Amino acid sequence: MTATATAGPGTAAGAFVPRILVFSTNNISDPGVDLAGSAHFHYSPGVNVISLPCTSGIRPSWILHALETGFDGVFIATDGEECAYLHDCAKRSNRVVTTAQKALKERGMDASRIRVAAICSVCAEPFTKHMTNFSAALVAMGPAKAE
């Protein structure tokens, strides 16, 4: 599935706009994502955010489902070592991503359609940069369903 944007800074009308699903955490990364919006930073209009308590709760099957049903990339905004729920959240989250990337490769899809970065409550600019760079990489790859 492809999305088109009709109005967006630097976006040509009718151009492929990758759909990116962002898993973000309530306590740490959500405020940074919200700050990017309230500061009016520009990034792809194809970004959709789902909030959850902890990134280690993400299931690889969710990532695969997103990529198989219309999203072109999945970005996981982790808490890093700041997780309030689990002392080994980063290690668990890494395992989730590794498992999902392996499953993507087995399905003949590019594992780089999944990206991960620690996003803190004041990381509006880094979040925007990640979305801009990821979107550009996905444009170069083309729609996920085309693989």
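The table for this structure:
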| item | result |
| --- | --- |
| Glu106 paired with Arg59, simple spin-label distance in nm, labels 7 Å along Cα-to-beta-carbon | 1.5 |
| Separation of alpha-carbon centers, region 16-69 and region 105-147, rounded to whole Å | 11 |
| Calculated SAXS-style log₁₀ I(q)/I(0) at q = 0.09, 0.12, 0.16, 0.18 Å⁻¹ - region 19-146, Debye, Cα scatterers | -0.23, -0.41, -0.73, -0.92 |
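Each reported figure results from applying straightforward, stated rules to the coordinates on display, with no laboratory input. In this text the structure is predicted, and so the values were computed from the model without any measurement. With ideal geometry, Cβ positions are generated from the backbone for all residues, glycine too; neighbour counts draw on all protein chains shown.
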